[in-house]
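Student: Sharing a structure with you now.
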Amino acid sequence: MFILLLGAPGSGKGTQGKILAERMGLPKITTGDILRAAVQAGSDLGREAKKFMDEGKLVPDSVVLGLIKTELDKPEAKEGAIFDGFPRTAAQAQLVDQTLGERGQRLSHVLLFDVPEEELIRRMRARAAQERRSDDTPEAIKTRLQVYQRDTAPLVAHYAQRGVMHRVPGAGTIEDIATEIKRLIGR
Ligand code: ADP
């Protein structure tokens, strides 16, 4: 089963994705984590990605499409996975659709995390104090929210058409939201 987590930065995809992955025994593929690890390691990929990430901009598709393809082709992701942080652009969505389609697979569920913008900003600021991520500065937070609206929010219409989308209310405790997700996907 392939499940896609869609939502603005700070909407809780990472937290709920972790719970869901453990509960369902599925691997979670998180492009943000992979890119941050590449930055830490100082690899070519990391060097290329860092400036975009620090500014809160998307790492260009020319870099990310290859990374996504590599992840999807890994043996552990052949039968199912949870996608966190991608697809984020139309080209990424097309790559995911095509790769799964070639194997006779499709997304089973798209979970859209719906959280008001004031709450997103509040959460990212709180996290900035704890995690010290280089893209949790006020300017980068603003850019990340704008980029989400411009490049990623249009994917909502793309997936809504297919009837696999569920809206997850982002307000509530971590436990309440996990229970709601269980109800929405029926397992
Ligand atoms: P958030 O969604 O909270 O901003 P992520 O960890 O998902 O955090 O992403 C952090 C940064 O990593 C993004 O702002 C972007 O620069 C980069 N990134 C992650 N995933 C992608 C992707 N699929 N395409 C392009 N850039 C990405």
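The values are calculated or read from the model by the stated rules, or taken from the named source; none is laboratory data. Predicted model, so just to flag it, every value in this text is computed and none were measured. Ideal geometry is used to build each Cβ from the backbone, glycine not excepted, and the neighbour counts take in all protein chains shown. All accessible areas refer to the heavy atoms of the entire protein, side chains included, with ligands and DNA or RNA removed. Shrake-Rupley method; radii C 1.70, N 1.55, O 1.52, S 1.80 Å.
Student: Using beta carbons and a limit of 6 Å, which pairs, at least six apart or on different chains, have the first residue in the stretch 36-47 and of a type in the set (D, E, K, R) and the second one in a helix (DSSP H, G or I)?
Tutor: The qualifying pairs do not exist here.
Student: While we're here: Conditions: (1) crowded, with 18+ Cβ neighbours inside 10 Å; (2) modelled with pLDDT of 95 or more; (3) not in a helix (DSSP H, G or I). Gly10 meets all but one. Number of the miss?
Tutor: Tallying (1) crowded, with 18+ Cβ neighbours inside 10 Å; (2) modelled with pLDDT of 95 or more; (3) not in a helix (DSSP H, G or I), Gly10 fails exactly one: (2).
Student: Can you find a residue in the stretch 11-25 that is touching a residue at least 12 places away in the same chain (Cβ under 8 Å), over 30 Å from Glu175 (Cβ atoms) and away from the ligand (no atom under 11 Å from the Cβ)?
Tutor: no
Student: A further question on this structure: Looking at the stretch 44-58, which of its residues are out of contact with any helix residue (DSSP H, G or I) (no Cβ under 8 Å at 6 or more places or on another chain) and either open to solvent by less than 40 Å² (accessible area, probe 1.4 Å) or within 9 Å of the ligand (Cβ to nearest atom) (or both)?
Tutor: Once the filter is applied, which keeps residues that are out of contact with any helix residue (DSSP H, G or I) (no Cβ under 8 Å at 6 or more places or on another chain) and either open to solvent by less than 40 Å² (accessible area, probe 1.4 Å) or within 9 Å of the ligand (Cβ to nearest atom) (or both), the stretch 44-58 yields only Phe52.
Student: Take the conditions away from the ligand (no atom under 15 Å from the Cβ) and surrounded by fewer than 17 Cβ atoms within 10 Å (Cβ to Cβ) and apply them to Gln105. Does it pass?
Tutor: Yes.
Student: Provide a single number: the residues in the stretch 21-35 that are in a helix (DSSP H, G or I) and surrounded by 22 or more Cβ atoms within 10 Å (Cβ to Cβ).
Tutor: Final tally of qualifying residues: 1.
Student: Scan the stretch 140-187 for residues that are surrounded by 13 or more Cβ atoms within 10 Å (Cβ to Cβ), closer than 16 Å to Gly12 by Cβ and among the small types (Gly, Ala, Ser) and jot them down.
Tutor: Of everything in the stretch 140-187, those that are surrounded by 13 or more Cβ atoms within 10 Å (Cβ to Cβ), closer than 16 Å to Gly12 by Cβ and among the small types (Gly, Ala, Ser) turn out to be Gly170, Gly172, Ala178.
Student: Follow-up. Could you tell me which of the residues Phe86, Phe113 is assigned to a loop (DSSP other than H, G, I, E, B), at negative phi and of a type in the set (Phe, Trp, Tyr)?
Tutor: Working: Phe113 fails: assigned to a loop (DSSP other than H, G, I, E, B).
After ruling out the rest, the residue left standing is Phe86.
Student: Further question: Pull up the stretch 115-139, narrow it to residues that are open to solvent by 50 Å² or more (accessible area, probe 1.4 Å) and acidic (Asp, Glu), then point me to the one that is nearest to Ile177 (Cα to Cα).
Tutor: Only one residue fits best here, namely Glu119.
Student: Which of the following residues is at pLDDT below 95 and either within 10 Å of the ligand (Cβ to nearest atom) or among the hydroxyl-bearing types (Ser, Thr, Tyr) (or both): Arg36, Arg132, Arg123? Working first, answer last.
Tutor: Values: Arg36 fails: at pLDDT below 95; Arg132 fails: either within 10 Å of the ligand (Cβ to nearest atom) or among the hydroxyl-bearing types (Ser, Thr, Tyr) (or both).
Of the residues listed, the single one that is at pLDDT below 95 and either within 10 Å of the ligand (Cβ to nearest atom) or among the hydroxyl-bearing types (Ser, Thr, Tyr) (or both) is Arg123.
Student: If you go through the stretch 53-60 one residue at a time, do you hit one that is part of a helix (DSSP H, G or I) and without any contact (Cβ under 8 Å) to a residue 60 or more places away in the chain?
Tutor: The initial filter retains those residues of the stretch 53-60 that are part of a helix (DSSP H, G or I), namely 53-55.
Within this subset, residues satisfying the condition of being without any contact (Cβ under 8 Å) to a residue 60 or more places away in the chain are none.
There is no residue in the stretch 53-60 that is part of a helix (DSSP H, G or I) and without any contact (Cβ under 8 Å) to a residue 60 or more places away in the chain.
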